[in-house]
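In what follows, a single structure is set out as structure tokens and then discussed.
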Amino acid sequence: MGNNPHSDLAEDISASLVSENTSLVEGNSLDVDIVGDERNGLFTKISFNWRPEDRAILDRIKGAANSLVEETFGDAIAAIDRFYEQLRVPETVNHSGSDIVCRDAEGRMVWKRNEQGRIIERWDQLTGQDIEMTIADLLRLKLFIAPEVNRLLNEAIYAKHVAADAYDDAWGTVVQGTQGDRTAKANRASKVDRYHAHFRYVLYSTANALLREIAIFISRLSDIREWQVRSQVR
């Protein structure tokens, strides 16, 4: 594949967003002296649990991300599930001389499991046509998913700029006071915008991670198909 400057730019911006969001966590890591005081019982006074209001916000973000996955990646995930179903062996029972496929209470097929309780997958029953159809389906769906992920990236970038502008505007309104006073007011004024920017980043990050996994899965299927062809030639 040739070099794509637009793709490189997107990767650079994405890496910048990841770095900035990661630094928020790393910048608030525990001081070494605090960790060293564990023996003095300091940790018994520190809570490592989310506050109820923060947990509620995280749950809402998680719910929004899950909805995004279902809406944007539903068809792609279904295609991958169909592929793996072709590898599995259904559990059957013999009834009047015929093997009947077992189904659970919800009507879903029951798959055979090994001694460890894992579903058995037999790659030898997979045909080249199965692989090619899965690759074709995923490539077709990827054409629709990629622009959506790019839209989420653009929204995350814009939300970041909005938060930065809100911070700068608040900073400029403080004509008196210390540097700390300005920082405190700017942080308060841009709080909602910064949280909104983080929310948009989570949506983009979730979608981008899944898009990457789909691309990797397509590549693996292509390798398997090539291996099958070479095996047949030999």
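The values are calculated or read from the model by the stated rules, or taken from the named source; none is laboratory data. The structure displayed is predicted, hence computed values, not measured ones. Here Cβ is always computed from backbone atoms with ideal geometry, including for glycine, and neighbour counts include all displayed protein chains. These accessible areas exclude ligands, DNA and RNA; they are computed on the full protein's heavy atoms, side chains included. Shrake-Rupley method; radii C 1.70, N 1.55, O 1.52, S 1.80 Å.
For this structure, a couple of remarks:
- For the stretch 81-106, filtered to residues that are hydrophobic (A, V, I, L, M, F, W, C) and closer than 30 Å to PHE217 by Cβ, the residue that is surrounded by the fewest Cβ atoms within 10 Å (Cβ to Cβ) is VAL101.
- Enumeration of residues in the stretch 190-205 that are open to solvent by less than 60 Å² (accessible area, probe 1.4 Å) and hydrophobic (A, V, I, L, M, F, W, C): ALA197, PHE199, VAL202, LEU203
- Candidates ILE77, ILE131, ILE135, filtered to the one that is among the aliphatic types (A, V, I, L, M), at pLDDT 85 or above, under 22 Å from LEU203 (Cβ atoms) and in a helix (DSSP H, G or I): ILE77
- Of all residues assigned to the stretch 87-96, none qualifies as being at positive phi and not polar (S, T, N, Q).
- Across the stretch 144-151, not a single residue is classified as in a strand (DSSP E or B) and exposed (fewer than 14 other Cβ atoms within 10 Å of the Cβ).
- THR134 vs. criteria surrounded by fewer than 16 Cβ atoms within 10 Å (Cβ to Cβ) and over 20 Å from the mean Cα position of the chain (by Cα): no
- Filter pass, ARG60 being assigned to a helix (DSSP H, G or I), in contact with a helix residue (DSSP H, G or I) (Cβ under 8 Å, 6 or more places away or on another chain) and basic (Lys, Arg): no
- Long-range neighbours under 8 Å by Cβ, at least six apart or interchain, first residue part of a helix (DSSP H, G or I) within the stretch 210-224, second of a type in the set (Lys, Arg): LEU211/LYS142; ILE214/LYS142; ALA215/LYS142; ILE218/LYS142
- Annotation: ASP124 fulfils all but one of (1) modelled with pLDDT of 90 or more; (2) open to solvent by 30 Å² or more (accessible area, probe 1.4 Å); the unmet one is (1).
- Selection within the stretch 164-197 - more than 29 Å from LEU153 (Cα to Cα), among the hydroxyl-bearing types (Ser, Thr, Tyr) and not in a helix (DSSP H, G or I): THR178
- The residue of the stretch 206-234 that is modelled with the lowest pLDDT, among those that are within 17 Å of ASP130 (Cβ to Cβ) and among the basic types (Lys, Arg), is ARG225.
- Here the condition is being under 29 Å from the mean Cα position of the chain (by Cα), polar (S, T, N, Q) and open to solvent by less than 40 Å² (accessible area, probe 1.4 Å); of ASN208, ASN187, it holds for ASN208 alone.
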